Structures are given as structure tokens and as C-alpha cells.
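The values are calculated or read from the model by the stated rules, or taken from the named source; none is laboratory data. All values reported here derive from a predicted model rather than from experimental measurement. Quick reminder, even Gly has a Cβ in these numbers, built from the backbone with ideal geometry, and neighbours come from all protein chains shown.
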Amino acid sequence: MLNTTCPNSPKCPIFNGILADKVTTAKAYRTKYCEAGPQGYKTCKRFLAKEKFGECPPNLLPNAGLSLDEIGARYNLA
């Protein structure tokens, strides 16, 4: 069976960090990105940043409005 969950989701810090007290928002992100298979998590800016830079800023949200280049520049990852 194909794994439909993001490989980074078990250790993703946003659920224990900036979204820890936002249960509804966290659930919506988890459903849309983490548990939606590759077509979901491959649109997550956290997943894409980690894939490109080898790390992801802890406070970056899955739907960040920044391009990967902008993320790299803003967080000194590029």
C-alpha cells in the first residue's frame, strides 16, 4: 500500500510550536498537506523548503506566500 502521509509529518515542529494551541487550523493543515498524499505534501512550502535546502525554518507555514528563493533568502538558507 502506498504511504499517503508526508514523510516529515511525524517530526514537523509547527504542530508542537506555532500551531500548538490552534487545533482547528492545525487539523486543516494536516488534512490538506500532511495526509493528502504526494499531491498534498508536495505543495507544502515546508516540505519543499526541506527538500531544496535540507532544512526548514521552524515557523514557516505550509501555505506560505513566499517562493522557495524568497524563503531561502529570508531565512539565510540559499
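Scanning region 1-33 for residues that are free of Cβ contacts under 8 Å to residues at least 24 places away in the same chain and among the hydroxyl-bearing types (Ser, Thr, Tyr) gives Thr24, Thr25, Thr31.
The set of residues in region 15-33 being among the β-branched types (Val, Ile, Thr) and either exposed (fewer than 15 other Cβ atoms within 10 Å of the Cβ) or modelled with pLDDT of 90 or more (or both) consists of Val23, Thr24, Thr25, Thr31. Taking the listed residues Ala73, Ala78, Ala36, the one that is loosely packed, with under 13 Cβ neighbours inside 10 Å, more than 15 Å from Ile14 (Cα to Cα) and either in contact (Cβ under 8 Å) with a residue 24 or more places away in the chain or aromatic (Phe, Trp, Tyr) (or both) is Ala78, with no other qualifying.
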